[in-house]
1. At a Cα cut-off below 20 Å, give the lysines reachable from residue 216, other chains included and same-chain residues fewer than 8 away excluded.
2. What does the charge count near residue 99 come to, summing +1 for each Lys or Arg and -1 for each Asp or Glu among other residues with Cβ under 13 Å from its Cβ?
3. Taking the alpha-carbon centroid of each part, what is the distance from region 61-134 to region 297-317 in angstrom?
4. Sequence gap at least 6, Cα distance under 8 Å: using those rules, report the relative contact order of the chain to the nearest whole percent.
5. Who wins for biggest fluctuation among 31, 200, 404 in a Gaussian network model of the chain, springs between alpha carbons below 10 Å?
6. Between the alpha-carbon centers of region 172-193 and region 217-268, tell me the distance in whole angstrom.
7. Arranged by the count of other C-beta atoms within 10 angstrom, fewest first, what order do 90, 421, 306, 119 take?
8. What residues have an amide H closer than 5 Å to that of residue 385, excluding those fewer than 5 places away on the same chain, when H is modeled at 1.01 Å from N in the peptide plane?
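What follows is calculated from the coordinates using simple rules that are stated; it is not laboratory data. Note that the structure is predicted; figures quoted are calculated from it, not measured. No Cβ is skipped: glycine too gets one built from the backbone with ideal geometry, and neighbour counts run over all protein chains shown.
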Amino acid sequence: MSTVVFLSRIQFAVTVFYHFLFVPLTIGLVILVAFMETQYARTNKMVYRQMSDYWGKLFSINFVMGVVTGITMEFQFGTNWSEYAKYMGDIFGSPLAIEALVAFFLESTFMGLWLFGRDKISAKMRAFAIWMVALGTNISALWILTANGFMQHPTGYIIRNGRAELKSFGELISNSYVWHMFFHTIFASYICGAFFVMGISAYHLLRKRNVEFFEKSFRIGLGMALVAATLTPFIGHEHGTYTASVQPAKAAAMEAVWETKAGTPFNIIQIPDVKHERNIEALSIPHLGSYFYTNNWNGTVKGLKDIPANERPNVNLVFYSFRAMVALGVLFLFLAWYGFYKMRKNKLLNSTRYLKVVQYSIILPYLAINLGWMVAEAGRQPWIVYGLMKTEQAVSPISVSQIIFSLAGLVLFYTILIIADVWLLRKNALQGPTIHTPAEIKDNKYAV
């Protein structure tokens, strides 16, 4: 791999990593804020208005930061990946254009209405506006994943004059890989939003601050966590089996499967030995590996030895990222259901150890999601468009010094943004909600 390719990949990875620190929380938290707004419009209870104000402020901070980092990322297709843009522009540009013209304008328009119409529109209109923001964020994710899904599994195209051109828009948007990625990403983002609300609520509950407010917030976050954490493993399993059928090299790397055979075991504890193309195993379950990737206990899983060495991804990177992601998913599932048990027994407020674990778990969904993206993107290598174009063919004819200069600038700029985001979120999260006085309520200032 040339230095230009390596540095360009590092630069794009850094950009995506920074941007994706904001996206999952935006997708997950907006649903919870919309639910709170709906509850206020339905019941006219002030606690729900206070909750939507408090959590909505944190959502707004994160939303703005996400927009800024997302815009910068798209410029790299012209600066660092111009050959890719030439080859794929006809296909890649369509979903991104729709994302900008439909999803972004939908969410930004209603975001403005919800944010600046706080005391100028009815509670029902505010609830409608924030649900439109939620719809826009999900549509935005769908179109971006449509573009990425084509890179993972190209469909609906023809090769003409040395470049890929769109043949069927219907095939592009009905690509099964897109929908597997979409649901996996969306539900992972719901986990992120849920644990964000639960973690901050746990912080205040441990200090006995605004107990009623944060206990209700915790319950709402826990409800989303239960649904998302329970469904994500099943969605991930379906994604994994489909991936094995269209990207066998990625699937083999996820479990470090070297030999092609039926009834492949699942190795619970193993260390890949890439040099000698084997594993150091300590514990395995017969046939479970085949079931995970084929839905058949005796299904055949293709091994890495039957894939050319120059078409294999970085096995260690994919293997350990996948294992860590799955482990975190199991942890989220346990924390969600254990929290539900504590809630049903009315023991949540006295469960100091559990609340501390949840408080410090806020960062873990971010880690799990980025590990998942590591598996998805590193597992596709050496292809930038699977089976059509290799990554080394996609870079721009630029110098190493230019990449180093722009990479340093991006790291500095994004680091400042991350520090500002964390500082603002922390400041407003620790400050707690604004509890309106009885006089304000009596004056009907916050009524529908």
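1. In chain and number order, the partners are 45, 57, 208, 342, 345, 347, 356.
2. Net charge in that neighbourhood comes out at -2.
3. If you average the Cα positions of each part, the centres end up 38 Å apart.
4. Relative contact order, the chain: 22 percent.
5. Between 31, 200, 404, it is 404 that shows the largest mean-square fluctuation.
6. Centre-to-centre (Cα) distance: 13 Å.
7. Sorted ascending by nearby Cβ count, the order is 119, 306, 90, 421.
8. none
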